[in-house]
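Working notes for the structure below.
The values are calculated or read from the model by the stated rules, or taken from the named source; none is laboratory data. These numbers come from a predicted model, not from an experiment. Positions of Cβ are backbone-derived with ideal geometry, glycine not excepted, and every protein chain shown enters the neighbour counts. Keep in mind that these areas ignore ligands, DNA and RNA; they rest on the heavy atoms of the full protein, side chains included. Shrake-Rupley method; radii C 1.70, N 1.55, O 1.52, S 1.80 Å.
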Amino acid sequence: MSLQINLDNLSSVPNLKLFRDFQTKELLNILSSINAPKGLVLDPALANPLTLIVDVRTLKKYAVDQLFLLSSKPFDTSLTHIVYLVRPTMSNMKKIAKHIHHSEKINSSVTETRRSNREEQGNETNQKRQRTNYVFLVPRITTLCRKLLEYSGVLGSVILDEYHLDLIPYDEDVLSLAYSKSFREFLKGDTSSLFYISRALHKLQSFVGQAPRLRYYGTRSKSIVEILRRLRRQDRREESSQQQSENSSSSSVIKPQIAEILLIDRHFDLISPLVHQLSYEGMLDELYGITDTVLELDPKILNKPRTGKKERIPLNSNDLLFAEIRDLNQSQIGPYLSRKAREIMGGYDERKNLKTIREFRNFTGKLGKLQKEHSSLSTHLSIAEAINKYAMEDQLFHRLMNSQLTVLTECEPCYDFLEELIYQEAPIETVLRLLCLHSLALNGIKSKKLDFFRKEIIQTYGFQHIITLNNLEKLGMIKKSEGRSKRSYTNWKKQLNLIDHEFTKNNGIHSVHSGYAPISIKLIQALYENSKKDYNEFIQTYFQDSYGIYTQSSKNLNEDLQESEQQNRNEKDIVLVFFIGGVTYSEISALRILNQSENLNVRFIVGTTDITNGDKIIKACSKKTSEK
Amino acid sequence: MENPSVHWNQFDRYYYQKRLVFHMGWNEINLDHYLIESAPFGGLIALLRDDQKIINIKNIQTNKNCIFIYTCSGKLISKLDYGDKQRVKAFGWTLDEKLIIVYDDCEIVVFDIFGEKIKTKCITSRDSTVHLVYKAKVWHNGAVILTKKNRLFIVENLSQPRFEEYSVPENLGIVSDLEILQPKFSLTGHTEVFISNLAKNLFIIDNDQTLEIEFEEMITNLKVSPTGRLLAYYTETGNLHVISTDFKSHFLEFQMNSKIKPKQIAWCSSDTVLLNFEKKNTLLMVAPSQSFLKYEYDEPLYLMTEEDGIRILTNSCCEFLSKVPEVVVNIFGIGSTSFSSLLYDASQSYEKESSKGDEVIRSKMDLLPKAITDCITASSWVFQRDLQKKLLNAAAIGKSYLDNFVHDIFADMCKDLRVLNEVRGWEIGMPLTYRQFEKIGIDLLIERLINRKHHYVALKICEYLRIRKDRVLVRWACEKVKSETESDEQILKSIISKLGKEENVSFASIASVAYSESKNDLAIKLLDYEKSASEQVPLLINMKNPGLALIKAIECANPDLIYLVLLYLLNTLDINENSLFQILSHKDMAINLLIKYCKHKNKDLLYRLYSQLKREPKEVGLLKITESLSDKINLEMKLKIRNESLIAFGVSKNNFLKKITEDNIKLVKLQQDYQQRLELVFIGLSINQTTAKLLELDLEKEAKKMKKTFKIPNDRYWWIKLRALAKKHRWKKMYAWAKNEKSPIGYEPFVEICIKNRVGNEALNYIPLVKDPYNQVKFYLRLNKFEQAADIAIKEKNQNLLQHVKSLAPKNLNIPSHI
């Protein structure tokens, strides 16, 4: 099953396919440069993202005979060429070092036994056992990893190289770095990922053209703009040196296909991910967890026999039906699907009225599409049923949704419910999400109350959450209440119309949280919609000097731009909204809904470090216990 | 102007021309007294005094141990001092004009032309015996050494020299000549060595085998052709043979019947062999057809085989002998009727303002394009500028008759010729032909000019041809930096004035020269102009200036570069912690990365760092807590560290954290106690879990103690107990509890937990206790107790509710429809 997104769609950025294929080709070149049957050892964190770049059948074609997931346990194989494809983390390096020490030990013992029965076995087989280890770090070799391999004494016995896979098309309008650690790193003060984000954006622009404008909100966004400018300067230097040697396509030659990159720092809006997502795709992520566009479900939910293995369902726009329903509010899914079911049945029923051979031929032509839709429909019907059952019957869920909305709409606390959640020992993430939501929306929690909750949480869930709570405090997600602040949620709520209870009627972006619209997306809407309201002062108070626009086009680029603008006057400009620290499915859905609005003369596509949700954010703030 | 063809000699089926290139600018040089090697492609000439010749030179003392380096025009470039410890056994040139010297002790050194050692390689043997050179030969990218103990060593790549040893046949004997077939020409891709000996053998040796051929007479000279396909050899009885280098075909046998051994054999193109008979001062040219041509000289000669001809050097001049190409013959040949010749003549008549040319050109328009390209090609062959001009002019006139002629080849030729004429001048003295120029390429030509310090010419050529000039500028600046007469200020100023505005100049490489010249300040100032931090940082580290390196690394926000500096700081012993902290102060990004690193690698440093940074005691406390949560340390240690954190929290007056931690320590102690008494695992459980476990074990008293110690609210305690009882299915006990005490959490949780555990009957016990009648109805409905539900609705006088119940109930049940 190929998970690669179909990027031939006209509405996507034209060169995105070129960009993706380039990254695919780089991997295949790496594999074909090692001209022998090989074992591929994948970092589990990369296994899913890679399926979006290349499928297993192609890997087989390139002589990948065995696939392993990297773990600290060494594996046994008769293959002599082992290719590690891993993220540059310290723990991965330790694992690889362990594997290599292990295989060397085995090898030396083999050599010794061989030596003792030298008569029977020749030298040749002896040599064949020697393993060649290739370590490809994705997307770059880092100083630390190199040093770590050196300290472990294996640097000499591996061939160290890099595979520059960074932005992966999760869909025709979503690009992700599949790098889930950036939020946690920011928390620890480690801003390295800003550099990697910049490099990825820089590379992307060499395929889709230099975006004429960079717009940034938040200090991290500002840093990225600065790094991008620096990279661009360096690049110009290399470019001019290449100019004579080959007058081929350099990035400045490509007409910009993205008119603007908008950089948004997740920390600007920490409220929205805490609110439970209620768009279809968002809900699936909240309930079952979507990893790199793949949903893994218990077969029971799909009315299929249990096999012990989970059913893998790719969620992307290749599935046309899913593309239609992913952004809808979960309550709309049922009715929509039954309408769709009638349509499809109607399609099948056509066969009853077929008379001529020609009609039959036309019908069989349609049949394939119908069957595809049919199978997708039955999948989503089963899932929708499961979701609906959960939404209707789970008392806690129902009350949770209500209290969220109370906090967000009326800015009134629901402490009793919060308390009860703790007493019922609801998942810690659920509890902390609601606690943080209180603190953020109400501009803090009274000191005594806060201490009470903190104590209750630590006594209930364990002492280690002293660290979690402290991290949340550091991020400002939990704080003691202070006086009124201009930068408070109530201000946002008023300025940006965050609440709309009539969301089903109005088809607006409020539907993604059943009444609440994400601040992040509302801000974007305000920026691009031609409204009379002036947000300048408001934005100024919030971002102070960390927002602005940087125009990075040179003179002739502008001309190019005008030219291309004239060519496709009907086409909307594309804005890449890049979320630093993660974006939720609801936010993506909201942007898609905005794209259908007539008041906007731009079209958004999404870039992100990773796809996040409230649980993931809380987990990023918790002390890792599994790391060794 | 005379027709160029008057200088041609017809030979074999072709015309040859010997062109005078330079009158030598040197004085009193007698080639006879020197061993000579010249770089191919019109390159430099190296002269080493031949110490087997007894001569009388006035300044013999001062020029001892010197190799003289001249241009082809006889202009002295330098006197290269090769040292007085070793003797030179062989020397030669790389393509970019670096001098390769093989010394008698098997050391190979590559010098630049001003005497600076660039690479040195010596054969190292385990028993530290010195190998002495018997014969050696150098080619442009390697060398072959035969030692006196008959060991044969090959070096193939001088940029990364490595010796390879070939095995030598035992019967090698006394060697008469040694020749090399370069790896790019050999079938195996390895260097092949041809050795002839006095015992009339020829050995062909490569990396894994030796071929031995016996001849009837002794071979005195061996020479491989420029394309590597043919081998010419000369025998003691005066026979010249040409065979293929794979020894399969024999092309020529030419009998001189002279026992005089030629000083040199050389090739002109790949088909004609030249013999230099020094003693007779004659140069004999022999063609494949056995026809020959003799040139007489009255002075000694040196022959240098080129790709497309031969360079002849004498005391007084430098000449170039080559075949006249067909296009040129077609134009200038006597009685030539080719259209290119007509075009050329027509252009001449244009000059005389005659209209005859026009008719001629119009007569055969279809042949015109080829005639034009022929004129252009011919212009590339001739050396005289006025003749070049005339040919190009002919092409230009022809071109004007055509609308669609591709202009490029004409323009390119004009440019190339201008460059060639410049380097062919006496000053530079590099007699490159156009063919040779095509072969070595502009890059190598520029490199040669830079090596000869002709920076200005190189720069002008780059600008003229519009190719990148940063290399020239950087190399110029590197020379400038070495200047001893100017102050650092002056040097910097003149470098910046010339390079400051260039986009793509590597200031790091200039700075690194300054550093190696011990001009540190200048180096740092130069580095400031470097735009790429990834070049700045490593150099600054090299220069032992980690502080500045760190600043630059942070500027570009590249974490890798920051780590590079940090790891240097941590691993360099002469940097103590205080200066580490000093360097780090106020550099948050670096500090955070160091903290991250320390958490994995160096916890002690972390605490010292925290105290140095004056981090809040609260932070230190939390760091301790984090450390204590690691599963790598034992319980005793954990408690110890947690106790330490208490101090930190105390200092920071953080009562909440202190209390929580104290509670935890208390908890762990209790758990230790339980663990011992009950032989069950308690450590690691939360207060809730501990209490629950005690309740599950029926240790109500202990659980109550937990409640009291940790001030567990009553509500929460009820929830804990409820779950514990349900888990152990103690339904009776639960009911008794509910009856005896009034639940502070209501009875809904009781019902829920029973439903969840599928004990519906138990649940029924609690529904009447539920306060909210609406909830009661809901529970009854969930348990399918429709009658009870209806009763409640009736009791509540809620018609709607009753209706709802009825609608859900099975039809056969008798549910009243009205209250």
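Starting from a Cα-only point model with no solvent, please compute log10 I(q)/I(0) by Debye for the protein assembly as shown at q = 0.04, 0.05, 0.08, 0.09 1/Å. Debye intensities relative to I(0), on a log10 scale: -0.41, -0.61, -1.19, -1.37.
Each label point was placed 7 Å from the Cα along the Cα-to-Cβ direction; for B:SER611 and B:GLU486 their separation is 5.3 nm.
In plain terms, the chain from B:ASN404 to B:ASP298 could stretch by 32.7 nm, reckoned as 0.36 nm per residue minus the Cα-Cα distance. In straight Cα distance, which lysines are under 25 Å from B:LYS390, not counting same-chain residues fewer than 8 positions off? Once the sequence-local lysines are set aside, what remains near B:LYS390 is B:LYS18, B:LYS323, B:LYS352, B:LYS356, B:LYS364, B:LYS370, B:LYS399, B:LYS415. Other protein chain C-beta atoms within 10 Å of residue C-beta, averaged over A:451-463: 6.
Paramagnetic label reach from A:SER378 (point 7 Å along Cα→Cβ; backbone nitrogen cut-off under 19 Å): within region A:342-362, residues A:342-351.
Kindly state, to the nearest 0.05, the FRET efficiency for B:ILE243 paired with A:GLU104, given R0 = 45 Å and r defined as their beta-carbon distance. Please list the in-between numbers first.
On the way: r = 52 Å, r/R0 = 1.16.
Using R0 = 45 Å, I get an efficiency of 0.30.
The Cα atoms of region B:406-467 give a gyration tensor whose axes a ≥ b ≥ c have a/c of 1.5 or more with a/b greater than b/c, which makes the shape prolate. Quote the FRET efficiency, to the nearest 0.05, computed for B:ASN634 versus A:LYS389 with a Förster distance R0 of 51 Å and r equal to the Cβ-Cβ distance. The computed FRET efficiency comes out at 0.60.
Rolling a 1.4 Å probe over the heavy atoms of the protein chains gives the protein assembly as shown an accessible area of 47 Å² per residue. Principal-axis analysis of the Cα atoms of chain B puts helix B:546-555 at an angle of about 70° to the longest axis. Per residue, the convex hull spanned by the Cα atoms of region B:428-517 measures out at 105 cubic angstrom.
Residues of region B:616-640 that lose at least 10 Å² of accessible area (1.4 Å probe, protein heavy atoms only) when the other protein chains are present, relative to their chain alone, are B:LYS618, B:GLU619, B:LEU622, B:ILE625, B:THR626, B:LEU629, B:ASP631, B:LYS632.
How much length, in nm to one decimal, is gained on full extension between B:GLU741 and B:HIS600, taken as 0.36 nm per residue of separation minus their Cα-Cα distance?
Working: separation 141, 0.36 × 141 = 50.76 nm, distance 5.30 nm.
Difference between extended and current length: 45.5 nm.
A crude spin-label estimate for the pair A:ARG312 and A:ASN595, with each label 7 Å from Cα along the Cβ direction, gives 2.6 nm.
Computed per residue of chain B from DSSP H runs no shorter than four, each worth -39500 (n - 2.57), the mean residue ellipticity at 222 nm is -13500 deg cm²/dmol. Per-residue surface analysis assigns B:LYS659 an accessible area of about 90 Å², computed on protein heavy atoms at 1.4 Å probe radius. Taking Cα atoms only, the orientation of helix B:408-424 departs from the longest principal axis of chain B by about 70 degrees. Rounded to the nearest 10 square angstrom, A:TRP492 shows an accessible area of 10 square angstrom against a 1.4 Å probe. Each of B:ARG362 and A:LYS25 was given a label point 7 Å from its Cα along the Cα-to-Cβ line. The distance between the two points is 5.4 nm.
When every Cα-Cα distance of chain B is counted in 20 angstrom steps from zero, the calculated P(r) takes the values 11, 26, 21, 13, 13, 13, 3, 0 percent. Angle of helix B:617-628 to the longest C-alpha principal axis of chain B, folded into 0 to 90 degrees and rounded to 10: 90°. Take the Cα of B:LYS64, go 7 Å toward its beta carbon, and the backbone nitrogen atoms of region B:86-117 under 13 Å from that spot belong to B:86. You can think of it this way: the chain between B:CYS122 and B:SER807 has 236.3 nm of extra reach, that is 0.36 nm per residue less the Cα-Cα gap.
Ordering B:TRP426, B:TRP139 by accessible surface, largest first, gives B:TRP426, B:TRP139; the 1.4 Å probe counts only protein heavy atoms, with every chain in place. Each stretch of four or more DSSP H residues adds -39500 (n - 2.57); spread over every residue of chain A, this sum gives -16000 deg cm²/dmol at 222 nm. Relative contact order of chain A, taken over Cα pairs closer than 8 Å and 6 or more residues apart, is 17 percent.
Of the trypsin sites (Lys or Arg not before Pro) found in region B:78-113, those in coil by DSSP whose Cβ has at most 16 other Cβ atoms within 10 Å are B:LYS85, B:ARG87. Put simply, the amide H of B:LEU132, placed in the peptide plane, has neighbours under 5 Å in B:LYS148, B:LYS149, leaving out anything fewer than 5 places away on its chain. Rounded to whole Å, give me the distance from the Cα center of region B:282-318 to that of region B:420-486. Spelled out, the Cα-based centre of one part sits 30 Å from the other.
Sort A:TYR217, B:TYR568 by heavy-atom solvent-accessible area, probe 1.4 angstrom, most to least.
B:TYR568, A:TYR217
Tell me which trypsin sites (Lys or Arg not before Pro) from region B:746-819 have a DSSP coil assignment and no more than 12 other beta carbons within 10 Å of their own. Qualifying residues, ordered by number: B:ARG758, B:LYS771, B:LYS797, B:LYS811. Overall, the accessible surface of chain B at a probe of 1.4 angstrom is composed of carbon and sulfur to the extent of 49 percent. Carbon-plus-sulfur accessible fraction, chain A (probe radius 1.4 Å, protein heavy atoms only): 47%.
Given R0 = 60 Å, the distance between the Cβ atoms of B:THR314 and B:LEU570 translates into a calculated FRET efficiency of 0.35. Taking a span of 24 Å or more along the helix axis (Cα atoms) and a mean Kyte-Doolittle hydropathy of at least -1.0 as the rule, the DSSP H helices of chain A that qualify are A:16-33, A:192-208, A:330-349, A:357-393.
In whole percents, the pair-distance distribution calculated for region B:327-405 from its alpha-carbon pairs, binned every 10 Å from zero, is 21, 58, 21, 0.
With 18 Å as the limit on Cα-Cα distance, the pairs of B:LYS98/B:LYS482; A:LYS255/B:LYS531; A:LYS340/A:LYS366 that go past it are B:LYS98/B:LYS482; A:LYS255/B:LYS531.
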